[in-house]
Structures are given as structure tokens and as C-alpha cells.
Amino acid sequence: MKTKQERIFSSKTLTYFLQLAETMNYTQSAQLLGITQPALTQQIKKLERTVGAPLFYSVGKKLHLSDAGRTMLKATHEIYEILNQTTDEIQQSTSATVGKINIGLLSSIEDSAFNAFIAHYYDLNPEVEITLRMMTRHEIWEALENNQVDLAIMNLPDETIKNWKPYASKKILDEQLLFLHHDDSLANRKRLHFKDTLAEPWVTYPDDYFLGQMLHEAYKNQMVDFPHVVAHFTTPYQLTQFVNHTGVNTALPTSFVVAHTDQIKAHAVSFEPAIRFETSFVYRKEKADIPRIANFFETFDTYLAEKDYLSRVGENSGKIER
């Protein structure tokens with residue numbers, strides 16, 4: 001028979017509780033967890049019976065954490081923090097040239113330079129096994145929180161996570177969004193004001209994506225109506241294919257445009273004022289003390305010191321047809 005502690009602190013039970021505490025919505029949480037809503041409800045009720053108090057309560061259709069729920073949430077975060085610190089302490093005693101490094105790459109970021117670097121790193125450190133996963137923002141933050149990835153490559157500033165205290169970041173490059181259009185009369189312009197980007201319809205990122213949110217914020221700040229959007233896609237490859245086939249406008253990061261200039265059938269120009277952001281490594285602070293992570297960062301810095309990031313992107317660019 002399972003003990004009370006085993007019933008409370010199974011990884012599945014805590015995962016279900018954390019997901020519901022994050023979304024405060026049974027339907028949404030069940031979808032994210034890949035289970036049915038009744039199954040989630042049953043697991044939460046079991047947990048409440050075990051601890052002897054309701055963890056959630058409803059006011060109308062809105063779900064809230066009870067006092068017991070807030071206590072449980074605080075304890076759960078502390079448990080995960082202890083487990084993460086323990087894992088990191090163990091890894092800090094390992095070799096710099098042996099082991100595994102798990103990396104989450106935001107799916108909207110151009111990956112050619114990273115793919116080339118990982119091949120270069122393998123030549124130098126053949127006993128370090130690197131896994132690179134393309135992930136959404138939500139997946140990256142969840143993986144960082146649960147210690148499933150050592151490093152994340154993503155765009156900043158990101159308001160997805162409110163508590164940055166456990167994390168550090170290391171800038172890779174300063175980025176900006178470029179406006180892609182098909183107006184030959186504007187082909188020689190180096191910058192375009194936001195009001196001059198509205199003549200034709202757009203294809204762009206979903207509204208809840210980092211770059212989609214950044215675009216909306218930029219137009220709002222310039223007090224210009226957002227362009228008429230006819231389609232949304234989640235990767236720059238999809239956006240470019242749609243632009244090439246239809247002749248509509250879009251906005252893409254400089255690194256992607258540099259990597260795929262020959263495949264993009266549109267003029268690229270900066271916004272005025274520029275829409276700027278950073279591409280950075282994000283990681284739990286303790287990760288920098290792990291020998292193979294420190295070695296990875298040092299090798300990456302040397303790699304970019306020999307040729308800057310955009311030069312690396314240009315020399316390792318791939319085909320747009322995927």
C-alpha cells in the first residue's frame with residue numbers, strides 16, 4: 001500500500017496540480033496534459049482527499065486557489081527547486097568533455113548557425129552528446145522549470161515568466177525585425193515608417209507568439225493600426241513560403257533574412273523606428289557551474305570571436321524548401 005507521502009508527491013500528481021494552478025482552467029489543463037478533463041478532475045480530488053482540504057474553489061466560472069492550495073503550490077515549487085539543485089550539484093562534479101547537454105531552441109529562431117556550431121563542438125568533444133529540440137515558448141519554460149533542458153535559446157525580453165530569480169541569460173546577438181514587401185518603388189529605402197507598411201495584406205506569427213506580440217506592441221506604440229492579416233504561421237520558413245507564393249507582406253528576423261536571402265522573393269527593409277530584441281541563452285543559474293556547460297559556453301564564444309553570428313548564419317544557410 002502506498003504511503004501518504006507517495007500519494008501526494010508522485011511526479012504525475014504534482015504535474016497535474018501545477019498545470020491546473022497555472023491555467024486555472026480544467027479544460028485547458030487537460031488539453032495541455034494530454035488527458036481527459038474527468039481524469040484530471042479525479043486526480044485533483046484524490047490529492048485533496050489525501051491532504052484533507054480543498055485546493056481550489058470556484059466563484060461563478062472562475063477557479064481560484066484556496067489557502068491550502070497556495071500552501072501546496074509553495075511546497076511543490078520548493079520540492080522542484082530542491083530536486084533541480086540536487087541534480088545540478090551532482091552534474092557539477094562531472095567531466096567537461098563527457099556527458100549530455102539538452103538544449104531547447106525556440107522554433108521561430110533561425111537554426112543554421114547553431115546546427116553548424118554543434119557539429120563543430122562534436123569534432124572537439126565527441127563524448128558530449130547534445131540534443132537540440134525545437135520548442136514553443138511555453139514548452140521551453142516548462143522544460144527549464146522541470147530541469148528537462150540545460151539551456152534554452154530564445155528571444156528576450158520575454159514576459160512569459162514572472163520570476164527570473166532562478167535564471168540567468170547570456171546574449172547571443174542583438175536582433176531586429178525586417179519588413180518584407182514587394183513594392184519596387186520602395187526597394188531602395190533603408191527604413192520605412194509603420195504607416196507605410198499597410199498598403200498590402202500581411203502574413204505573420206500568431207498573436208500569442210513572442211514576435212507576434214512584439215509586432216502588435218510596436219504598432220500600438222506608434223499609434224498605427226495593425227496591418228490586415230490574411231494568415232498566421234508559427235515558423236519563418238512557413239511565412240516565407242506564403243510570401244513567395246502570394247506576394248503579401250510580412251516581418252522576419254534579420255538572421256533569418258541573411259540566411260535565406262536567395263530564397264526570399266521580397267524586398268527587406270528596417271522599420272522606423274527599429275523593432276529590436278535579443279536572442280539569448282537562458283538557463284538556471286547553477287548550470288553555468290557544470291563543467292561541460294561552462295566548456296560549451298567557452299567554445300561558443302571562441303566560435304563567434306572567429307566570425308560573428310550573422311557571418312556564421314550566412315555561411316551555413318540552408319534551403320527554404322523543407
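General observations
- Residue match in region 305-315 (condition: under 20 Å from S112 (Cβ atoms), in the same structural domain as F117 (by the TED database), open to solvent by 40 Å² or more (accessible area, probe 1.4 Å) and in a loop (DSSP other than H, G, I, E, B)): yes
- Counting the residues of region 179-198 that are free of Cβ contacts under 8 Å to residues at least 60 places away in the same chain and surrounded by 12 or more Cβ atoms within 10 Å (Cβ to Cβ) gives 3.
- Test: residue in region 100-120 that is more than 21 Å from the chain's Cα centre (by Cα) and either within 27 Å of T279 (Cβ to Cβ) or not charged (D, E, K, R) (or both): yes
- Of all residues in region 35-60 being within 15 Å of K12 (Cα to Cα) and touching a strand residue (DSSP E or B) at 6+ places or on another chain (Cβ under 9 Å), the one that is least open to solvent (accessible area, probe 1.4 Å): I44
- Selection status of T13, under 27 Å from the mean Cα position of the chain (by Cα), surrounded by 14 or more Cβ atoms within 10 Å (Cβ to Cβ) and farther than 26 Å from K285 by Cβ: yes
- Filter pass, Y57 being aromatic (F, W, Y) and outside any helix (DSSP H, G or I): yes
- Some residue of region 275-294 being farther than 30 Å from Y80 by Cβ and in contact (Cβ under 8 Å) with a residue 24 or more places away in the chain: yes
The values are calculated or read from the model by the stated rules, or taken from the named source; none is laboratory data. These figures come from a predicted structure and were not determined experimentally. All Cβ positions, glycine included, derive from the backbone under ideal geometry; neighbour counts span all protein chains shown. In case anyone asks, the SASA skips ligands and DNA or RNA and just uses the protein heavy atoms, side chains included. Shrake-Rupley method; radii C 1.70, N 1.55, O 1.52, S 1.80 Å.
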